[in-house]
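Notes follow once the structure below has been shown.
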Amino acid sequence: MNLSPLWLSFQTAAIATVIVFIVGVLLARFLARNEFYGKSIIEAILLLPLVLPPTVVGFGLLYVFGKNGFLGRFLLDYFDFQVVFSWYAVIIAAVVVSFPLMYQSAAAAFKNYDPNIENAAYTMGASKWKVFWTISFPLAWPGLLAGLVLSFARALGEFGATLMLAGYIPNVTDTIPLAIYFAVESGNMEMATFWVVIIVALGFSAILWLNWWSKRNMMRYAERRKSK
């Protein structure tokens, strides 16, 4: 049995998760601590893929990265590089659809603790970068980890936008969701069932672990409160 959809899905989800984690954390930290005109509009745009059908997201990506899109034409003309129907298209689709989950979790995490803790560190001469790594990041970590797990699971299960932008190319863009769809289309229900079981098990395991970890942390927090 060809297991390339499994390895491709893991590879794509891992790379996409790293990207959305870095970008999502930095953006969430900046927007959580700054108020300016148009902030609500920016946040609405960042969260838009969460409520749009994946095919609409895929159409938008195709409009941007297609041969006639402004980015697609630029990359093709100056670098002779085409995003559409490539492995990079799979990553881009996974990043866009999973980003809102990471951003939402990170934004909530940074708003969950008292910003005066950071301000106290600033008054003692700590740099913004040091405050972020020694105070902000550790305090927000539980929420960031939740976003990390959910983003990975979402990237692993992405289908609609991937199909629109990357298409189905065996050993290149055939992630598990696409493998399921085209196995059903060709009447290979045994293969489709196999991949359905795999992706359900992976998604269930991710959510189960996240719930276990959250409950464990809550119990530790309650024990610390009692000891004080």
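Some points to look at:
- Surface composition of region 80-228: carbon and sulfur make up 65 percent of the accessible area, probe 1.4 Å.
- Using a Förster distance of 25 Å, the FRET efficiency for PHE182-GLN11 (Cβ separation, nearest 0.05): 0.80
- Fully extending the segment from ARG33 to THR193, taken as 0.36 nm per residue of separation minus the present Cα-Cα distance, adds 52.9 nm.
- In summary, the aspartates and glutamates within cross-link reach of LYS215, defined as a Cα separation below 16 angstrom excluding same-chain residues under 8 places away, comprise GLU223.
- Of the residues ASN68, PRO5, PRO170, the one whose Cα sits farthest toward the positive end of the charge dipole of the chain, with +1 on the Cβ of Lys and Arg and -1 on the Cβ of Asp and Glu, is PRO5.
- Sequentially through region 68-80, phi angles give Karplus couplings (6.51, -1.76, 1.60; θ = phi - 60°) of 9, x, 5, 7, x, 5, 4, 5, 6, 6, 9, 10, 6 Hz, Gly and Pro residues having no value and appearing as x.
- In terms of accessible area, using a 1.4 Å probe and ignoring ligands and nucleic acids, ASP77, ASP114 rank largest first as ASP77, ASP114.
- 3J(HN,Hα) along region 149-160, derived from phi through the Karplus expression 6.51 cos²θ - 1.76 cosθ + 1.60 where θ = phi - 60°, amounts to 5, 5, 5, 4, 5, 5, 5, 5, x, 5, 10, x Hz, with x in place of Gly and Pro.
- Hz values of 3J(HN,Hα) by residue in region 114-119 - Karplus curve (6.51, -1.76, 1.60), Gly and Pro given as x: 6, x, 5, 5, 5, 4
- Relative packing of peptides 4-13, 124-133 - highest average C-beta neighbours within 10 Å first: 4-13, 124-133
- Rolled with a 1.4 Å probe across the full set of protein chains, the surface gives GLU35 an accessible area near 150 Å².
- Segment LYS67-SER205, length gained on full extension (0.36 nm per residue, minus Cα span): 45.7 nm
- Environment charge of PHE21, counting only residues whose C-beta is closer than 13 Å and scoring Lys/Arg +1, Asp/Glu -1: +2
- By a 1.4 Å probe calculation restricted to protein chains, TYR122 has an accessible surface near 70 Å², given to the nearest 10.
- Angle between the chain longest axis and helix 189-227 axis [Cα atoms, degrees, rounded to 10]: 0
- Contact order for the chain, expressed relative to its length and based on alpha carbon pairs under 8 Å spaced 6+ residues apart, stands at 29 percent.
- Rolling a 1.4 angstrom probe over the protein heavy atoms with all chains in place gives region 79-187 an accessible area of 46 Å² per residue.
- Separation of the LEU26 and ASP114 label points, Cα + 7 Å toward Cβ, nm: 3.1
- Residue-averaged [θ]222 nm for the chain, counting only DSSP H segments that reach four residues, each worth -39500 (n - 2.57): -26000 deg cm²/dmol
- Ranked packing of 153-163, 92-102, most packed first, by mean Cβ within 10 Å: 92-102, 153-163
The values are calculated or read from the model by the stated rules, or taken from the named source; none is laboratory data. Keep in mind the model is a prediction, meaning the values are calculated, not measured. With ideal geometry, Cβ positions are generated from the backbone for all residues, glycine too; neighbour counts draw on all protein chains shown. Accessible surface areas use protein heavy atoms only, side chains included; no ligands, DNA or RNA. Shrake-Rupley method; radii C 1.70, N 1.55, O 1.52, S 1.80 Å.
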